[in-house]
Amino acid sequence: MTFVVTDNCIKCKYTDCVEVCPVDCFYEGPNFLVIDPDECIDCALCEPECPAEAIFSEDELPAGQEPFVEINADLAGKWPNITEKKDPLPDAEEWDGKPDKLQYLER
Ligand code: SF4
Ligand code: F3S
């Protein structure tokens with residue numbers, strides 16, 4: 001079991017989540033973060049930290065978010081590790097809550 005970063009992180013990337021992860025298993029792309037499912041210890045600490053409510057347990061994913069399981073696993077192997085919070089993306093507030101942002105994911 002793992003936690004998964006989902007659609008609403010895209011174009012927001014608040015990064016509060018990385019500060020609390022005890023195993024540093026977040027990986028950073030241009031406008032999205034992912035969790036490495038092989039490293040996540042399922043502690044649930046990150047879930048309440050995300051201002052965009054974009055993090056869910058794999059077995060409690062909202063409808064339609066299933067593709068993000070594979071996306072997290074795939075991109076975790078390609079992107080660099082991130083362990084410290086940084087500024088969110090400039091238009092994070094504007095994009096927070098917009099639906100169907102997967103089309104904007106930069107890989
Ligand atoms: Fe890290 Fe725990 Fe979140 Fe997994 S559930 S990504 S181990 S903080
Ligand atoms: Fe993304 Fe939320 Fe972390 S917006 S970067 S999952 S705090």
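The values are calculated or read from the model by the stated rules, or taken from the named source; none is laboratory data. It should be emphasised that the depicted structure is a prediction, and the values quoted were computed from it without experimental measurement. Methodologically, a virtual Cβ is constructed for each residue, glycine included, from the backbone with ideal geometry; neighbour enumeration extends over all protein chains shown. Calculation scope for accessible area: heavy atoms of the full protein, side chains included, ligands and nucleic acids excluded. Shrake-Rupley method; radii C 1.70, N 1.55, O 1.52, S 1.80 Å.
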* Is it true that some residue in the stretch 68-80 is farther than 17 Å from residue 35 by Cα and of a type outside the set (D, E, K, R)? -> no
* Structure fact -> The correct count of residues that are open to solvent by 50 Å² or more (accessible area, probe 1.4 Å), part of a helix (DSSP H, G or I) and more than 15 Å from residue 13 (Cβ to Cβ) in the stretch 54-96 is 6
* Name the single residue, out of those in the stretch 1-19 being of a type in the set (A, V, I, L, M) and either more than 10 Å from ligand 2 (Cβ to nearest atom) or crowded, with 23+ Cβ neighbours inside 10 Å (or both), that is farthest from residue 97 (Cα to Cα). => 1
* Yes or no: residue 82 more than 10 Å from ligand 1 (Cβ to nearest atom), closer than 14 Å to residue 102 by Cβ and modelled with pLDDT of 95 or more? -> no
* Can you name the residue in the stretch 20-53 that is out of contact with any strand residue (DSSP E or B) (no Cβ under 6 Å at 6 or more places or on another chain) and within 9 Å of ligand 2 (Cβ to nearest atom) and, of all such residues, is most open to solvent (accessible area, probe 1.4 Å)? -> 53
* To do: All but one of (1) within 13 Å of the chain's Cα centre (by Cα); (2) near ligand 2 (Cβ under 9 Å from one of its atoms) hold for residue 58, so report the exception by its number.
  => (2)
